[in-house]
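The values are calculated or read from the model by the stated rules, or taken from the named source; none is laboratory data. Remember, predicted model here, so these are calculated numbers, not experimental data. Note that each Cβ is placed from the backbone with ideal geometry, even for glycine, and that neighbours are counted across all protein chains shown.
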Amino acid sequence: MRVLLLGSGGREHALARALAADPDVTDLHVAPGNPGIAAIAAVHQADITDAASVTGLAGATAADLVVIGPEGPLVAGLADAVRSAGHACFGPGRQAAMIEGSKSFAKQVMESAGIPTARARTCVTSAEVDAALDEFGPPYVVKADGLAGGKGVVVTGDLATARAHARECGTVVIEEFLDGPEISLFALADGVTAVPLLAAQDFKRAHDGDRGPNTGGMGAYVPLPWAPPGLADEVMGTVIQPAIDDLRRRGIPYRGLLYAGLSLTKAGLRVVEFNARFGDPETQVVLDRLVTPLGGLLEAAAAGSLAGAAPLTWAPGAAVAVVVAAEGYPGQPASGDLIEGTDQAQRIPAAYVLHAGTAADTAGRLVSSGGRVLNVLGTGPDLATARATAYQAAAQIEMRGGWYRGDIAAEAAAAAI
Ligand code: AMP
Ligand code: GLY
């Protein structure tokens, strides 16, 4: 099978690594990729926001399967263009991707499918905003309606801050605050059938102790030893399958990865958000444990044949990912800083490094080129070992202004959740 993977982050490096390990994947092409991906796949310079550029490359590489990583191209309709050009595609079309592209559309789906989520109001005028803030009370949760790269949500006890964010965003969804640990559950879907991957936990806030601004995610781990037994089945039955069924009834089959962000509140599980693609950095730890070859699974999802797929198999043990970020992230990140120590990190047994925001400078040296620069992975028989390995490896990385959270998976490893 010839696969073309689109994207350039840590998620795509993890996807490329898993696809390269699938014996049925004979050719792996990635656009635009990054220096880490270039070491394991053929990297091409295509503009993935341009459908003609992508379908041209899919044709030139005779791709049997196109896998779309990031949400921007999905929401713009790239999967539709790829399918129209005659290639199987893993990724929802434009309308189905609106489950991530519009918070208010996601709420409509949840309402019509009876999926548990925070009570919410979609607001445009300042009078609507004030009424909703008053109705739900603090802590205030204000979400930009459209795509915001993980930075559209403000959770604050301060009314003026909540109002100001609403004013900046235009259309917003204001909702009740959900109090409980958050998890991410990903499901592969083929329009009808859905198959869950391992549940993971992400760390959205910038700083230790869940302080500071929201980010795209600063680290992740699997498994979740503290999660209630049967969690994945419950999420499949109450969230994922109802969403897939609702979209199908709307005439929008969902083919790709459906990401449910969930809060486990005292009153039961609630959906915080849906995303239309693999989460980043959760994918890095989830795929680390996947034994079933990934290419065949993504192909089955694209072809509508997931119902016939064998049950997934997972490696026992744990994986922890620590995100090394650039100075200034999640605001304006610095770029062009020299990155050293990746070889030393990879020499630590059971550790490896995935590239997220990296580039090669004119002299061929590795430099930073994005907010989240590297994902340092540690694996092991249990979370405490995997975590110690990840941090030992992260300590090898040297980059001016580089930083990372020190508490990824700490509570879970200490059985303190
Ligand atoms: P979202 O983009 O909707 O996932 O929101 C980003 C982050 O904001 C989530 O991962 C949560 O940590 C936080 N958040 C979003 N909605 C709520 C809510 N209703 N209650 C509490 N925290 C929330
Ligand atoms: N890690 C959160 C996300 O991918 O949206």
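Which one is farthest from the chain's Cα centre (by Cα) among residues in the stretch 137-157 that are surrounded by fewer than 18 Cβ atoms within 10 Å (Cβ to Cβ) and more than 16 Å from ligand 2 (Cβ to nearest atom)? Per the criteria, the residue is 137.
Considering each residue of the stretch 242-255, count those that are assigned to a helix (DSSP H, G or I) and either crowded, with 19+ Cβ neighbours inside 10 Å or within 16 Å of ligand 2 (Cβ to nearest atom) (or both), and give that number.
4
The residue of the stretch 177-189 that is nearest to residue 134 (Cα to Cα), among those that are crowded, with 18+ Cβ neighbours inside 10 Å and either modelled with pLDDT under 95 or away from ligand 2 (no atom under 15 Å from the Cβ) (or both), is 178. List pairs: first in the stretch 277-289 and within 21 Å of residue 79 (Cβ to Cβ) and away from ligand 1 (no atom under 16 Å from the Cβ), second at pLDDT 95 or above and not in a loop (DSSP other than H, G, I, E, B), Cβ under 6 Å, 6+ apart or cross-chain? Qualifying pairs under 6 Å: 287/14; 287/18. When residue 122 is tested against (1) part of a helix (DSSP H, G or I); (2) at pLDDT below 95, only condition (1) is not met. Name the residues in the stretch 269-298 that are part of a loop (DSSP other than H, G, I, E, B), under 25 Å from residue 382 (Cβ atoms) and either of a type in the set (Gly, Ala, Ser) or away from ligand 2 (no atom under 15 Å from the Cβ) (or both), would you? Residues satisfying the conditions are 279, 291, 292. Return the total of residues in the stretch 151-180 being aliphatic (A, V, I, L, M) and in a loop (DSSP other than H, G, I, E, B). Total satisfying the criteria: 1.
Here the stretch 170-190 is the region considered, the condition is being of a type in the set (Val, Ile, Thr) and within 26 Å of residue 73 (Cβ to Cβ), and the residue that is farthest from ligand 1 (Cβ to nearest atom) is 171.
When residue 148 is tested against (1) near ligand 1 (Cβ under 9 Å from one of its atoms); (2) at pLDDT below 95; (3) in a strand (DSSP E or B), just one condition goes unmet, and that condition is (3).
For (1) of a type in the set (Lys, Arg); (2) more than 17 Å from residue 40 (Cβ to Cβ); (3) surrounded by fewer than 15 Cβ atoms within 10 Å (Cβ to Cβ), each residue gets a yes or a no:
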| position | (1), (2), (3) |
| --- | --- |
| 336 | no, yes, yes |
| 343 | no, no, yes |
| 349 | no, yes, yes |
| 354 | no, no, no |
| 361 | no, yes, yes |
| 364 | no, yes, yes |
| 369 | no, yes, no |
| 373 | no, yes, no |
| 376 | no, yes, no |
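Residues in the stretch 98-127 that are hydrophobic (A, V, I, L, M, F, W, C) and under 27 Å from residue 265 (Cβ atoms): 98, 99, 105, 106, 109, 110, 113, 115, 118, 120, 123.
Output yes when any residue across the stretch 256-268 is basic (Lys, Arg) and either under 20 Å from residue 105 (Cβ atoms) or in a strand (DSSP E or B) (or both), and no when none is. No, that holds for no residue.
Could you tell me whether the stretch 161-169 includes any residue that is more than 13 Å from ligand 1 (Cβ to nearest atom) and surrounded by 19 or more Cβ atoms within 10 Å (Cβ to Cβ)? Yes: one or more hits.
The rows are residues; the columns are (1) surrounded by fewer than 24 Cβ atoms within 10 Å (Cβ to Cβ); (2) acidic (Asp, Glu); (3) in contact (Cβ under 8 Å) with a residue 12 or more places away in the chain; (4) touching a Leu at 6+ places or on another chain (Cβ under 9 Å).
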{"site": "193", "(1), (2), (3), (4)": "yes, no, yes, yes"}
{"site": "197", "(1), (2), (3), (4)": "no, no, yes, yes"}
{"site": "206", "(1), (2), (3), (4)": "yes, no, yes, no"}
{"site": "214", "(1), (2), (3), (4)": "yes, no, yes, no"}
{"site": "224", "(1), (2), (3), (4)": "yes, no, yes, yes"}
{"site": "229", "(1), (2), (3), (4)": "yes, no, no, no"}
